[in-house]
């Protein structure tokens, strides 16, 4: 029987460790040992956590932060800093120790002492917003790497726009074996190689240990060869050899390709028995082992105590970039594009775009186009893309279906980053993660398209965007059985519900061209999380014949009031609003008066006051209509409400046949209203 | 500006096509042209679809189906047939044409004529269950490949168990560029290479075209090198050269590694202007181009007409395996393990397992263990794994956390498939897809573990399992904020709702050891879709003190009735049932009597009759308790109900602190009940 963590002993690792530890202590090793000691202490205090990774990567991180990383601990938000992403987020104590030692405000020793406690800045995994120098939330493996690709893309795009004197920095990533096993490492690695993102440098913590034991349990590939095949420059070094690490990082600075450096490390380096085993990965070492580790490392200090001279060396590292930052500030002050650069980096929207959109909406109300909402979205983009220059679009190889590309947008390529469109390839998850990186970097508002059903592939990245409260915009077309013949694998049924259930996500399903324009306005203004524009393949008539304000901003509103007392209120979203309007007309012809409520966003409607909600929903019986499962609709329909929609997966047939087949029709709405009459 | 599909002309492809078409027609080419003609006709009749892929891969498919694939069109369900998976599922007409031409029942010419119409067997994408020779539902890219890895694993596992005389077949896959761009291709490819699944053969339709245009828009890697790095044998051939294709497939039969053959093809082969361009990928060629294509191919027949002599050649191919099948049936008849083999392949459960579980549950009722439900799950597995030999477990590198491994299970490796456990590595999506393949192959019941939050990574594969109605069991531990310090990236909040919204998925969140055992019983019996066992990290007391039947099978039941008239009904799931019971006791001490309903599965409860539902839910005010978002709970709580749970993401802190912090406590339940009293 194979048992858990049975890579016992790991004699080779312990022998190598002994050899290293027998060498005289250098200043760099002492700096690294400070990281190790703090990681041990933090995890011991919390009685849980992951000491193995920080202890293994302390040496490589020390070389990076002491000699290469461009940062100034005095200003975490310096726009031209290098980005540092801990993709192996479970090793969070590594990051907290680095921030503490190098002198960042807001990461004092008391923060480290409260590691993994409520309200601590030092959470179990690095959390964006907890500290300005935490570049992103990490933990779900592979995503730090994939998001960093987006950050590195942002650097290239902005450098092409504002010039090297303002934008010239690298993105460093520490990734673990787990990150490289994840599928998203393929999508991200291939994309970065294709775009030759040479200022992206990944340090792979090559410790050959995963939770179940040695990586030989499940891995046979050499990731370096894989990344070389993607177009990366690769190198393998002893992760405990300072000179080798320094040489590799110096080499990385000159690369014309993205760089992966495999740092061969001993997980839990310093722990006398657990080093080199899965035993040091995800649990406190325990008092005795912790003590013995410090002894072995030559670290005779009390828990959470760092000697002054070690702080001094670290603070020197932390202020190494101060001069560079000051010089940059001077360049910025004199830069002709200063105002625009500051505007986009601060995430402020340009002047005039609201007026431009208003004029566009007014023109729609006049022309009353019958369009699929994906087409309306493209028309909105034709207005927005020139008006909001920080928009960067793209698609996961469905450009012509998502209609995400408009005139004036060049596709980015390794040779040309004076571009505003990304051909992400058939890489939905990689796209969504890269979009997170574009947004996190600052200076850009990313949007990207795929079919709504493939939002499932992107879900882990959308969740991270929601957790981080960042502005990314997903253009999700082919939003229901209305896509027709491609059938159930391509027909989203449960996706509206599944994202409505996710905190901080704004789901927008507009009903016509005006609502689609409003959805774009709302999404661009939404700085607290991802916005999902859920759009139709099939054409629908214009319903908002007067472009009176941004009605969608309240989430739901009365599109057509009943003539007289409401016999019922029909609440619908997206393409089904037209059905509701059709049913309303039929009922009116029979003398039955109903109101139609268009509800492009339940999240926004839920934020309205009770008075407005009651006014919109009314006291008459409610009928909900949406070509999707009704899960979650009960909230709005009340106990005597009726839902007309899907109860299972779709089918392959023309759209109109499917609507009839599944009973999502004007006739069904009419019947439901009349049934109430009885 | 880069425009869509701007790889115009594609002169090289057209020149090469002209060269090939100038050669004399061979019998094989005519057979292949029959596929092309039917693909053209099917798509023209439907006025939509994907002709390009079938036209490009017709030659390779003809060689495979004529010379290598082990099948007998007279018996689609022959257990030792080779499996054929069309991972590039949009090219469904290729599969339908192959099934039709080779003589399968149930795929007559009338089926092809109704391609993409309601109730047609020939749906837009291949749908499992529509025809017994459709091995799986495909369309979401990458998943056919990843699922085929599971099928090939099943073959190895069953061959090790029943011997080569019963189990000795290959799994063939046709994958497109999109499949190989998807991240799951990495997870699946790495796993297959690691396990040396040498009877897996992938034909890559290497046509260099994706929807947005040439693959050079977004791809720079050579997938063959990547797969070679995973441990695959690889070869590149001209996909229109019959001799080369035959040689490559003959070579594949002898491989000691999984095989990938890049078939360099011209997409839309035969179309005079659209061949070699994205224009032939996803739309009907149009009357004139279709006509001209047939002319160029030397196919002068009416639409949907195949000459008798071509049928004859194809039927010969389709019956080529008849003798082999008969010989296999003879071997089966005499095989000492015949009964067991037939039992597992038919998906029938063994005798005695129910009694064994009953005895186990009775012992639990006696010992009343206080365990985390993940521990209870492991205890149930200790009973089930010996009792149900077709169970095959695994974990995505969280074995010690998911507690999915029990005594007597060896880990599968390239050298040893006499095994019942798979170390999937940090590859959640790849695991879920492989589990689908294990289930689809037949003979095995797969279960696999990861943290519940990472179900997001697996979601596309769980959806396919739900669409296909297959029995896979996901062991999803660390199911709430109860996991504690790892924080919000690891705390599922919306996942219960998101899967409850998905059709055909059974979500089971048991409350104690007895319910966990019941959940396993239900999951093993559930042959109509995936079951999700949602299990706690933290320990909870025993609540079911008498193991009286499988109460969980009704989805929800009264765990503790009120003493007298119900002042309220508290409905809870999983770990929160204990809180509800605690609150009930506190209220009783104050003379307030409430009932507690344990609701391990809302899907099962929704299937009960209205009378039972009313009896359980009662007419008193209802209070729902679940450490998750309340989305979808309204259905069960009614208009005056109260939900106690999460309203946003979690935080990093010890579990008990978090429950207090988020107000999911006995005190909160007590207060909610009392508020009702006012």
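Things worth noting here:
- The average projected area of segment A:316-377, computed from the convex hull of its Cα atoms over all directions, is 7.4 nm².
- Cβ-Cβ FRET estimate between residue A:366 and residue B:660, R0 fixed at 35 Å, reported to 0.05: 0.05
- Cβ-Cβ FRET estimate between residue B:256 and residue B:118, R0 fixed at 51 Å, reported to 0.05: 0.60
- With Cα atoms, 0 to 90° folded angle of helix B:143-162 axis to chain B main axis: 80 degrees
- Dimensions of the protein assembly as shown based on its C-alpha atoms, expressed as ranges along the principal axes with the largest first, amount to 91, 79, 73 Å.
- Percent antiparallel among DSSP beta bridges (both partners in the protein assembly as shown, rounded to 5): 15 percent
- Paramagnetic label zone (point 7 Å from Cα along Cα-to-C-beta, residue A:565; backbone N under 15 Å) in segment A:645-678: A:677-678
- For segment A:536-678, the Cα-based Rg and Dmax, in that order, read 14.5, 43 Å.
- Principal-axis tilt of helix B:373-387 within chain B, Cα atoms, nearest 10 degrees: 60 degrees
- Euclidean distance between Cα centres, segment B:50-102 to segment B:151-167, Å: 23 Å
- Note on chain B: Cα Rg divided by 2.2 N^0.38 Å, N the number of residues, gives 1.07.
- Listed peptides A:202-209, B:210-217, B:301-308, B:406-413 appear in the order A:202-209, B:210-217, B:406-413, B:301-308 once ranked by packing, highest mean of other Cβ atoms within 10 Å at the front.
- Residue-span extension gain [residue B:548 to residue B:607] - 0.36 nm each, minus C-alpha spacing: 19.2 nm
- Relative contact order of segment B:212-273, taken over Cα pairs closer than 8 Å and 6 or more residues apart, is 35 percent.
- Against the main long axis of the alpha-carbon atoms of chain B, helix B:455-468 sits at an angle near 70°.
- The stretch between residue A:647 and residue A:19 holds 219.5 nm of extra length on full extension. This uses 0.36 nm per residue minus the Cα-Cα distance.
- Euclidean distance between Cα centres, segment A:401-418 to segment A:516-542, Å: 21 Å
- Theoretical ellipticity at 222 nm over chain A - DSSP helices of four or more residues, -39500 (n - 2.57) apiece, nearest 500: -13000 deg cm²/dmol
- Sorted from nearest, the other copies put their residue A:614 label points 3.0 nm away, the label point being 7 Å from Cα in the direction of Cβ.
- Alpha-carbon centroid distance for the pair segment A:12-47 / segment A:271-313, whole angstrom: 6 Å
- Per-selection Rg to Rh, segment A:455-602 - Cα, Kirkwood hydrodynamic radius: 1.00
- Pairwise label distance in nanometres, residue A:110 with residue A:288, each label 7 Å out on the Cα-Cβ vector: 3.6 nm
- Cβ-derived FRET efficiency at R0 22 Å, residue A:469 paired with residue B:667, nearest 0.05: 0.10
- Spin-label model distance (nm) - residue B:418 vs residue B:11, 7 Å beyond Cα toward Cβ: 6.4 nm
- Ascending count of other beta-carbon atoms within 10 Å, so fewest first, for A:550, B:629: A:550, B:629
- Cα-derived Rg over Rh, computed across segment B:618-674 with Rh taken as Kirkwood radius: 1.00
- Cα-projected label distance for residue A:355 with residue B:312, points at 7 Å along beta-carbon direction, nm: 8.1 nm
- Debye intensity ratio I(q)/I(0), log10, segment B:341-474, q values 0.09, 0.10, 0.19 Å⁻¹ (C-alpha model): -0.27, -0.34, -1.18
Where a number appears in this text, it was derived from the coordinates with a stated rule and is not lab data. For clarity, every value in this text was computed on a predicted model and none was experimentally measured. Here the Cβ is made from the backbone with ideal geometry for all residues, glycine too, and neighbour counts use every protein chain on show.
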